[in-house]
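Structure first, then comments.
Read-outs throughout are calculated quantities, based only on the coordinates presented, and are distinct from any laboratory measurement. All values derive from a computational prediction rather than experimental measurement. Here Cβ is always computed from backbone atoms with ideal geometry, including for glycine, and neighbour counts include all displayed protein chains.
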Amino acid sequence: MTTPRQRYRRGRLAAAFGGLAAATLAVTLAVPAAAAGSTLQAAAAESGRYFGTAIAASRLNDGTYTTIANREFNMITAENEMKMDAMQPSRGQFNWSSGDRIVNWARQNGKQVRGHALAWHSQQPGWMQNMSGSQLRTAMLDHVTQVASYYRGKIYAWDVVNEAFADGSSGARRDSNLQRTGNDWIEAAFRAARAADPGAKLCYNDYNTDNWQHAKTQAVYNMVKDFKARGVPIDCVGFQAHFNSGNPVPSNYHTTLQNFADLGVDVQITELDIEGSGSSQAQQYQGVVQACLSVARCTGITVWGVRDTDSWRASGTPLLFDGSGNKKAAYTSVLNQLNQGGTPVPNPGNPTPTPTQPGTTPTPTPTQNPGTGGCTATYSEGQKWNDRFNGTVTIRANTAISGWSSTVTVRQPQRIIATWNGSPTWDSSGNVMTMRPSGSGALAAGQTVSFGFTVQHNGNWTWPTLTCSAS
Ligand code: XIL
């Protein structure tokens, strides 16, 4: 048995080598917390992380797309639908419809949402592009307040400010209409976002900030350090991670993530895509996953789209599924790396332990439900974190059955935020999940199958109640 500390050290060591060497060393990292996950979200959940994707509202009618998205991912970012131009096309007139489509789809399927993005120099509505000075500052802060207030309680983390630093060696802020309103525009946006939605984590998000040696990385680091020192409300830093041959995954990625995390913020890979194909692409993906898994406060990874053909850089085939929805080599390497386990996320985003510690207070409700005769559902506890816990339900066939379904009822304010090894549907309250087998549900007498889920408990540690019905 290794201690978390040993695992952490091994993680650091393995990540430091990068590339091929890391692939070999990764074997020594393996301390799987549970049985191997068969989807990205399940495998990531074993170490307390999420695995997400960007979703385009226009593709929600495509069954292949939604099937993959629903099965593999448990964190959703709107690819364009919550940007400034989409949210406030005319001054003072907000259009929530496309953002709502994404947020509702995510919540109906038990997923969390990363909000993207409240303030950015790009994809501004026309009316804002033409503004400057204090008028623009007021309009920007009003936008942040209105959008964050509208989605209050539904957002895991907001990209409050996106891409505010210049590329190259200057380490300067990017010139933009927002920057010209005064250097304090970023912290002003963060304060407005905190006031509007105190429950959301607030992130700064950027690209070309992956290599620790780069001036842009250092500049963002210094800003975050300064914000923490002065009490500006910032909780996380997002690394977009758009890679290609000219901008490969840096071998010091782990160092970058760890150094930011050491400032007291969560770090997240927010828009991952890597142009290429075959084993070289697969290996680069593995390196990114390994870097995140070895940093305790790297809380999750989001890829920027589902299939290659959904990508904003489709010609670079940068994603995990091909145009037909088949899993690529990159998918397999990501899944395998997630299943190697990693430094557990200790206490995500909540540095002060809540008074109720995992395992001390749960009042176990009946762990078995005899069901309707044909099957029995049994609950067993999985890993626990301060804000959530994993559970497994084992379905046992009492006689030969051709199918089954099992309901899992959680209590307010609990929410199921991830599931694996089954196809869930939800009632309108979001409290009752009905799980059905992904494939055939036929079981011989005495045979068992299991599915699992993560409950965000919001202070209520009660176990879910179960039913099982056979057909
Ligand atoms: C991209 C979208 O994927 C495209 O559909 C859109 O045309 C342009 O924006 N950095 C970001 C994302 O923060 O919002 C961008 O998304 C990709 C780069």
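In table form, for the structure just shown:
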quantity	calculated
Estimated dipole of the stretch 191-240 in Debye, rounded to 20 [Cβ of Lys and Arg +1, of Asp and Glu -1, Cα centre]	200
Length released on extending from Gln447 to Gln412, taking residue separation times 0.36 nm less the Cα-Cα span	9.3 nm
Simple label model, 7 Å out from Cα along Cβ direction - Arg174 to Ala229, nm	2.6
Those residues of the stretch 70-95 whose amide nitrogen sits under 19 Å from the label point placed on Leu60, 7 Å along Cα→Cβ	70-89, 94-95
Cα centre as origin, Lys/Arg/Asp/Glu Cβ charges: the chain dipole, Debye	840
Global size of the stretch 390-470 as Cα Rg and Dmax, reported in angstrom	12.9, 40
Linear extension gain, Gln108 paired with Gln93, 0.36 nm per residue minus alpha-carbon span	2.7 nm
Dimensionless Rg ratio for the chain, taking C-alpha atoms and the 2.2 N^0.38 Å reference	0.98
Structure-based [θ]222 nm, the chain - -39500 (n - 2.57) summed over DSSP H runs of at least 4, per residue, nearest 500	-9000 deg cm²/dmol
Alpha-carbon centroids, the stretch 100-119 and the stretch 263-303: separation in whole Å	21
Linear extension gain, Thr425 paired with Gln123, 0.36 nm per residue minus alpha-carbon span	105.2 nm
Calculated Rg and Dmax of the stretch 40-147 using C-alpha coordinates, Å	16.0, 48
Cα→Cβ-extended label distance, 7 Å offset, between Asn222 and Ser38, nm	5.2
